[in-house]
Amino acid sequence: MNRSSPGHALVHVPPVTRELTGSWLRRVALACGLPAQNLVRGILSGTQTVHITGTPKTALEAYFNAPARAALARFTSIPLSRLYGLLPELGPTHSRLRDDKGTQAAWYSPARAWVTACPPCTPRAWSPQQPVLLYPGAVGHICRRHRRWLLADENGPASVPLGTLPEVLAAHREHVALAHNAPGATGALTVAAAVVWSWQAQRWHGDSLWSQRTSALASLTGCSPAGAAAHSLIAYPETVRVATLLSDQAWQRQLREAASKQGMQAAHALALVGIGQRIGRPWLADWLTAIPRTRRLDPGEHDPLKWWLGCLTGPDTPAGVLWCVPNTLGRPVEYSDRLSFLTEARVRSVIGDARTASLTGGWEPVPSRASPAAWYRNGQ
């Protein structure tokens with residue numbers, strides 16, 4: 001392989017901020033007219049044997065161990081510190097690679113959600129043959145400049161125009177403010193997602209806002225309403241508003257005082273009233289109170305809000321547990337798992353429809369680690 005040409009391309013096809021390493025290498029390979037695997041072998045070739053697991057055809061992300069990262073920096077003349085700042089998954093070493101086993105690289109599936117970059121925001125990097133794939137981080141799943149929710153499609157641009165969904169754009173502005181101002185914003189969003197999901201899973205068939213968004217998303221993407229129902233966009237505004245309220249320290253003090261003076265039931269009622277007002281469902285408390293009288297709850301059903309209140313008001317709750325949702329309470333990460341709660345149709349056929357519309361991947365509320373079992377306080 002002629003090192004001058006690929007090296008020149010690596011410098012003149014720079015990574016986009018938060019790009020998948022594999023996405024960048026594919027774009028460079030395209031500029032060089034090389035297969036991506038050959039490009040990687042050329043970058044890493046030297047006196048030592050190069051070991052590469054997997055291929056660009058089987059996985060999207062490229063991982064390097066320490067010797068391989070050093071070789072990449074030498075080849076590109078780009079300092080590792082800069083590469084780390086641009087490529088979130090370049091370091092540290094993947095758990096399946098070893099730094100002391102020579103030069104190693106691997107193609108694996110991305111460890112976190114990714115999206116297709118907004119083409120108008122990355123015009124110089126974009127190519128019809130190779131889209132730019134990014135990790136959106138906490139709030140990068142929406143391009144407010146072009147008013148689009150970015151989806152995940154490795155073959156080309158995929159996004160949802162938000163011109164007819166102004167409440168989603170408004171929620172994103174609130175989400176950005178929360179992420180900048182609240183230290184526990186990511187955890188708060190995870191808890192809020194679990195709380196809102198517990199209501200979604202009970203099928204608010206009559207909720208007009210969610211029905212309208214589901215119909216809009218289905219129309220904009222060509223997906224069936226059943227397939228669109230499980231997408232994060234549907235409950236995004238409510239999730240962000242609940243997260244903002246949960247993060248409000250003054251509101252937390254009110255709940256602690258109510259629990260101390262009147263008991264947990266009073267604190268729970270107060271929380272439901274506050275959340276109902278914040279998300280535009282003043283009937284929330286009455287509706288949830290009526291549920292046990294209208295149907296029998298499954299033994300596995302729990303209340304994430306009660307769990308959170310138990311952590312908030314507990315006298316000896318360890319720091320950090322407040323935002324760590326137990327696995328039993330969290331919102332299902334997999335799209336198919338959420339669909340199984342939301343549709344009466346066969347999940348396999350519906351998931352295929354959603355996958356075709358690029359709705360099964362992309363940004364999700366980041367799951368927090370499971371809390372210690374001793375701090376599970378459901379039913380308080």
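The values are calculated or read from the model by the stated rules, or taken from the named source; none is laboratory data. Keep in mind the model is a prediction, meaning the values are calculated, not measured. No Cβ is skipped: glycine too gets one built from the backbone with ideal geometry, and neighbour counts run over all protein chains shown. Surface areas here come from the heavy atoms of the whole protein model, side chains and all, with no ligands, DNA or RNA. Shrake-Rupley method; radii C 1.70, N 1.55, O 1.52, S 1.80 Å.
Sorting F341, F64 by solvent-accessible area of protein heavy atoms yields F341, F64, largest first, with a 1.4 Å probe. Comparing Cα centroids, segment 188-260 and segment 24-65 end up 41 angstrom apart. Once you've got the GNM for the chain with C-alpha springs shorter than 10 Å, pick whichever of A177, A229, A188 has the biggest mean-square fluctuation. Looking only at A177, A229, A188, the largest GNM fluctuation is found for A177.
What the phi angles of segment 232-239 give under the Karplus curve with 6.51, -1.76 and 1.60, with θ = phi - 60°, is a coupling list of 4, 4, 4, 10, 4, x, 5, 4 Hz, glycine and proline written as x. Adding -39500 (n - 2.57) for every DSSP H run of four residues or longer, then dividing by how many residues the chain holds, sets the calculated 222 nm ellipticity at -14500 deg cm²/dmol. Partnerless cysteines in the chain, where a partner means another cysteine C-beta under 4.7 angstrom, comprise C32, C223, C311, C324.
Computed over the chain with a Gaussian network model linking Cα atoms closer than 10 Å, the most mobile of T93, T76, T49 is T49. Accessible area per residue was computed with a 1.4 Å probe on protein heavy atoms; C324 scores about 20 Å². With the whole protein complex present, Y236 retains an accessible surface near 0 Å², based on a 1.4 Å probe. What a 1.4 Å probe finds exposed on the chain is 51% carbon and sulfur by accessible area, rounded to a whole percent. Relative to the dominant Cα principal axis of the chain, helix 166-181 is inclined by about 80°. Between V115, V350, V132, the GNM of the chain built on Cα springs shorter than 10 angstrom shows V350 fluctuating the most. Using a probe of 1.4 angstrom and keeping all protein chains present, the accessible surface of the chain works out to 47 square angstrom per residue. Axis angle, to the nearest 10 degrees, between helix 347-356 and the longest C-alpha principal axis of the chain: 50 degrees. For the chain, the longest stretch holding no GluC sites (Glu not before Pro) located in a DSSP loop with at most 15 other Cβ atoms within 10 Å is which? Here the longest run is 1-300.
Here the alpha carbons of the chain define both size measures, Rg and Dmax, at 23.4, 76 Å. Once Rg and the Kirkwood radius are both taken over the C-alpha atoms of segment 47-123, their ratio Rg/Rh works out to 1.00. Given a 1.4 Å probe and the protein chains as shown, R253 ends up with an accessible area of around 130 Å².
For K57, K306, K261, K101, the ranking by accessible surface with the largest value first comes to K57, K261, K101, K306, using a 1.4 Å probe. With both residues required to sit in the chain, DSSP beta bridges show an antiparallel share near 75%. Shape of segment 94-185 from the C-alpha gyration tensor: oblate (a/c of 1.5 or more and a/b not above b/c, with a ≥ b ≥ c the square roots of its eigenvalues).
Straight-line cross-link reach from K261 at under 26 Å between alpha-carbon atoms covers these lysines, not counting any fewer than eight positions away in the same chain: K306.
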